[in-house]
């Protein structure tokens, strides 16, 4: 469901209207009065595989039920590069200072209409979680079990660069974590 129901220019209710575009006919939410189009492009999300004291730091979001741990993620701010953005997110969420950063890859996450830009970050300092995060755990890289979506694929790709064949949990195992 789109967050847009009304045209932000003229307040007319939006309609699903098909028009010819460069790639052929495409249905999008459009304003029948002023022709405004909601493009619904994916949002870029930054993610970090944070290596701290030789281990991988995974954190649990305070809003999540269950005991799922994940990468540090966030959105870019206007005027910053992806590298600046992920270093800022790491600092804001964990209080750690990024000393090295390398791109792992770019991953689609269609369920959330996002494109994930994933980095490996080496960080130092003292962990102090933001209120957004409830807790964190440190894992030996060989002990990280990847989740079968979005940033889990980035972790798997990074593990391979370390000579570690990743293990992926099943969707059933992932669902069970939500209940713990």
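The values are calculated or read from the model by the stated rules, or taken from the named source; none is laboratory data. The structure presented is a predicted model; accordingly, all values stated were derived computationally and were not measured. Cβ placement follows ideal geometry from the backbone for every residue including glycine, while neighbour counts extend to all protein chains displayed.
Residue selection: residue 106 fails the criterion of being in the same structural domain as residue 137 (by TED's automatic domain parsing), surrounded by 13 or more Cβ atoms within 10 Å (Cβ to Cβ), modelled with pLDDT of 95 or more and in contact with a strand residue (DSSP E or B) (Cβ under 6 Å, 6 or more places away or on another chain).
Each residue in segment 156-175 was checked for being within 16 Å of residue 70 (Cα to Cα), assigned to a helix (DSSP H, G or I) and either touching a strand residue (DSSP E or B) at 6+ places or on another chain (Cβ under 7 Å) or modelled with pLDDT of 95 or more (or both), and 4 of them qualify. Could you tell me how many of the residues in segment 135-149 are touching a residue at least 60 places away in the same chain (Cβ under 8 Å) and closer than 19 Å to residue 65 by Cβ? Looking only at that region, the number is 4.
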